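The values are calculated or read from the model by the stated rules, or taken from the named source; none is laboratory data. Please read all numbers here as calculations on a predicted model, not as lab measurements. As a convention, Cβ positions derive from the backbone with ideal geometry for all residues, glycine included, and neighbour counts pool all protein chains shown. The accessibility values were calculated without ligands, DNA or RNA, using every heavy atom of the protein model including side chains. Shrake-Rupley method; radii C 1.70, N 1.55, O 1.52, S 1.80 Å.
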Amino acid sequence: MSADSLYQQLRGQLAYLRLTATAEALPSHLDHAVKNKLGPSAFLTRLLEVEVTATEARRHAGLERFARLPAPWRIDDFDFDAQPAVDQAMVRELATLRFLDDATNVLLIGPPGVGKTMLAVALGRASIDAGYRTYYTTAAELAARCHRAALEGRWATTMRFYAGPRLLIIDEVGYLPLAGEAAAALFQVITQRYLKGSICLTTNLGVGSWGTIFDDPMVAAAMLDRLLHRSVVFNIDGDSYRMRAHRARAERLRPGGGDAKRR
Ligand code: ADP
Ligand code: MG
């Protein structure tokens, strides 16, 4: 067989196996191997590395699309000095993702604007980067989706969906009251993940007032019980970061700038 038809056969095999990245890299890698007198193993390793990298990138992009994180925040974007109520060492420990191994939950509790969503999303990002299936939802979205599922006879499938991800982020529990079916949906999601898969949940409600957003205080108590059993809890009581930025801006714009405040 001539070198040319061998080369064509090789291209054909790569195309058949859908090794597109390898096929594309083949000519330049062959040249490189000849020029540098690479042995077959060195050549193949170098060539397949291209495919491995491409596969990893595809997988990462898939996880990223699936997760639906609402922002690109990372842990390093979080200004810990501005929020002393947040234990930086604890956040860094969580970012190692060891908490996923024993299905520990993370609860971020505090008023609006203190960085709860930011921290939850940053943990989600770390989890995606480590290759874990991650999913972000707000409590309201979860309730709406479960409501549709109930109407369309897909409740069980939808519950399996929420059981799937290695990390499930449930943002904004407590902004809207959850009654009846919505409370039942959240309760079931929490129950089926209990001791099996981590939930990172953010809420503006102190643990003591969970009863107020659920029409059934027993359900609220049972949910909290499961969430807290194995958990890391952040009580963030500081100032709103948004308001702080807003105040700083207003301060700068005021005649006399920052001095105005001291007078
Ligand atoms: P919450 O979910 O608690 O209401 P967010 O996480 O949405 O608050 O934060 C509100 C805004 O303030 C976002 O734009 C976020 O990036 C920013 N922010 C909050 N806390 C911090 C912080 N410590 N460092 C940097 N940005 C912050
Ligand atoms: Mg938020």
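Brief remarks follow.
The rows are residues; the columns are (1) in contact (Cβ under 8 Å) with a residue 24 or more places away in the chain; (2) surrounded by 14 or more Cβ atoms within 10 Å (Cβ to Cβ); (3) away from ligand 2 (no atom under 16 Å from the Cβ); (4) in the same structural domain as A120 (by TED's automatic domain parsing).
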{"residue": "L14", "(1), (2), (3), (4)": "no, yes, yes, no"}
{"residue": "T20", "(1), (2), (3), (4)": "yes, no, yes, no"}
{"residue": "A25", "(1), (2), (3), (4)": "yes, yes, yes, no"}
{"residue": "H32", "(1), (2), (3), (4)": "no, yes, yes, no"}
{"residue": "N36", "(1), (2), (3), (4)": "no, no, yes, no"}
{"residue": "S41", "(1), (2), (3), (4)": "no, no, yes, no"}
{"residue": "V50", "(1), (2), (3), (4)": "yes, yes, yes, no"}
{"residue": "T53", "(1), (2), (3), (4)": "yes, no, yes, no"}
{"residue": "A57", "(1), (2), (3), (4)": "no, no, yes, no"}
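- Selection status of C146, touching a Ser or Thr at 6+ places or on another chain (Cβ under 8 Å), open to solvent by less than 20 Å² (accessible area, probe 1.4 Å) and either under 15 Å from T104 (Cα atoms) or touching a residue at least 24 places away in the same chain (Cβ under 8 Å) (or both): yes
- In segment 137-190, residue modelled with the highest pLDDT [restricted to those that are in a helix (DSSP H, G or I) and among the acidic types (D, E)]: E141
- Being in contact with a Leu (Cβ under 7 Å, 6 or more places away or on another chain), away from ligand 1 (no atom under 16 Å from the Cβ) and part of a helix (DSSP H, G or I) holds for only one residue in E64, E51, and it is E51.
- Residue that is most open to solvent (accessible area, probe 1.4 Å) [pool: residues in segment 190-211 that are touching an Asp or Glu at 6+ places or on another chain (Cβ under 9 Å) and within 16 Å of ligand 1 (Cβ to nearest atom)]: N204
- Residue count for segment 66-83 under the criterion of being open to solvent by less than 50 Å² (accessible area, probe 1.4 Å) and of a type outside the set (A, V, I, L, M): the result is 3.
- Contacts under 8 angstrom Cβ, first residue in segment 105-131 being polar (S, T, N, Q), partner within 12 Å of ligand 2 (Cβ to nearest atom) and modelled with pLDDT under 95, 6 or more apart: none
- Selection within segment 104-134: residues that are assigned to a helix (DSSP H, G or I) and hydrophobic (A, V, I, L, M, F, W, C). The member of this set that is most open to solvent (accessible area, probe 1.4 Å) is M118.
- Among the residues of segment 60-117, just one is among the aromatic types (F, W, Y), more than 16 Å from ligand 2 (Cβ to nearest atom) and farther than 22 Å from A139 by Cβ, namely F80.
- Residues of segment 212-236 that are within 16 Å of ligand 2 (Cβ to nearest atom) and at pLDDT below 85: I213 alone.
- Segment 74-103, subset in contact with a Gly (Cβ under 9 Å, 6 or more places away or on another chain) and in a loop (DSSP other than H, G, I, E, B), residue nearest to V233 (Cα to Cα): V86
- Selection count, segment 76-121, where residues are of a type in the set (V, I, T), over 12 Å from the mean Cα position of the chain (by Cα) and within 16 Å of I169 (Cβ to Cβ): 4
- Residues located in segment 72-112, provided they are in contact with a His (Cβ under 9 Å, 6 or more places away or on another chain) and on the phi > 0 side of the Ramachandran plot: none
- Selection status of A139, within 16 Å of L168 (Cβ to Cβ), within 16 Å of ligand 2 (Cβ to nearest atom), touching a strand residue (DSSP E or B) at 6+ places or on another chain (Cβ under 6 Å) and in the same structural domain as T203 (by TED's automatic domain parsing): yes
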